[in-house]
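These notes are about the structure you will find just below.
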Amino acid sequence: MNVQFKKGVLELCVLVLISNKDQYGYELAQSISKRINVAEGTIYPLLRRLTKEGYFTTYLAESSEGPSRKYYSLTNKGRAYMNQLINEWNEFSKSVNELIEEVIGND
Amino acid sequence: MTKEDFLKSLGRELELQKVPEHDRKEMLYDFEEHFEIALANGEKEEDISRNLGNPKTIAKELLVDYRISKAETDRSVKNITYAVIATLSVSFFNIVFVLGPVVGIFGAYIGLCASAIILTLSPLLWVISLLLGSPNILGFFVAVAFCGLGILLGIGMYYAGKFLYKWILNYIKFNVQMIKGVH
């Protein structure tokens, strides 16, 4: 898949995953790279930015195995932003699909 | 690349860009945690590094956000300049779409500021002409009127400067979002 596409939707994926349950960085990287082939390191700058914008809060939690983990949790502001992005994404992908359908589908 | 190489490379890059130690440690922490959990999960250091990607690229992305937030919280010409430069370094695309408009508008702003200063100082020119021995009462009124205009323009420029600062910040943020991580 095109790099530009992937990076653009990475933000949306991260928001959606964290909206479901609080997650730590490694866990997020795993969930994302399972579906999208992306450099996992880029999610950390993204997480920092979204946290700074007030979309996430973070807390450290001990783990039974290994080091303590920094968890990300979605704020109300983050949820509103996520919903906005989802609507935009749905509209955008619908338009593109319709266009493809119209042009190529009728060939 | 081993864990140590990766963290060193990332840390060195951030250090070169003069990110203070406190912020640097915070940025590196995320990656240390990532390595530790991945290692505990049975992954190999080389694989973890490869999946994370190029530390230099990651450093650039961290730097853009750091510079922008610095320019937001601590308003200074130096900080906004750093923020613009960091934005430029993330992609070639930005050299056209950020540098062009920013330099153009900033140039116009400097020009207007210079006009405001010259207009404000115009009574001085009248005083000089007086010393040269050609007292001209009309010239005096013109100079006072220019001075008034200059002060008004100066006040306008003060507010325009604040607005411009915000505009540049929003503009580079918009660009970072547009090209987010595309190299």
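The values are calculated or read from the model by the stated rules, or taken from the named source; none is laboratory data. On a predicted model such as this, the values are computed, not experimentally measured, just so you know. Every residue, glycine as well, gets a Cβ built from its backbone with ideal geometry; the counts of neighbours run over all protein chains shown.
Quick look at the values:
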{"item": "Scope region A:59-74; condition at the interface with another protein chain (Cβ under 10 Å from one of its Cβ atoms) and more than 12 Å from A:TYR26 (Cβ to Cβ); matching residues", "result": "A:LEU60, A:GLU65, A:SER68"}
{"item": "Residue that is more than 30 Å from B:CYS147 (Cβ to Cβ), in the same structural domain as B:PHE163 (by the TED database) and either of a type outside the set (Lys, Arg) or not in a helix (DSSP H, G or I) (or both), where the choices are B:VAL19, B:VAL84, B:VAL64, B:VAL103", "result": "B:VAL103"}
{"item": "Residue in region A:16-37 that is of a type in the set (Gly, Ala, Ser), surrounded by 12 or more Cβ atoms within 10 Å (Cβ to Cβ) and more than 12 Å from the chain's Cα centre (by Cα) present", "result": "no"}
{"item": "Any hit, region B:88-107, residues being without any contact (Cβ under 8 Å) to a residue 60 or more places away in the chain and within 20 Å of B:GLU15 (Cβ to Cβ)", "result": "yes"}
{"item": "Residue among B:GLU26, B:GLU46, B:GLU4 that is surrounded by fewer than 19 Cβ atoms within 10 Å (Cβ to Cβ), assigned to a helix (DSSP H, G or I) and within 11 Å of another protein chain (Cβ to nearest Cβ)", "result": "B:GLU26"}
{"item": "Of all residues in region B:106-145 being among the aliphatic types (A, V, I, L, M) and not in a helix (DSSP H, G or I), the one that is nearest to B:GLN177 (Cα to Cα)", "result": "B:LEU121"}
{"item": "Pairs where the first residue, in region B:58-74, is more than 7 Å from chain A (Cβ to nearest Cβ) and over 13 Å from B:GLN17 (Cα atoms) and the second is part of a helix (DSSP H, G or I) and of a type in the set (Val, Ile, Thr), C-beta under 6 Å, 6+ apart", "result": "B:ALA71/B:ILE80"}
{"item": "Yes/no for B:LYS25 being under 19 Å from A:TYR24 (Cβ atoms) and touching a Leu at 6+ places or on another chain (Cβ under 8 Å)", "result": "no"}
{"item": "Identity of the residue in region B:62-80, of a type outside the set (A, V, I, L, M) and surrounded by fewer than 15 Cβ atoms within 10 Å (Cβ to Cβ), that ends up nearest to B:LEU52 (Cα to Cα)", "result": "B:THR73"}
{"item": "Flag if A:ARG35 is among the basic types (Lys, Arg) and within 9 Å of chain B (Cβ to nearest Cβ)", "result": "no"}
{"item": "Any hit, region B:106-123, residues being within 26 Å of A:ARG49 (Cβ to Cβ) and in the same structural domain as B:ILE151 (by the TED database)", "result": "yes"}
{"item": "A:LYS34, sole failed condition from (1) modelled with pLDDT of 90 or more; (2) part of a helix (DSSP H, G or I); (3) closer than 30 Å to B:ASN54 by Cβ", "result": "(1)"}
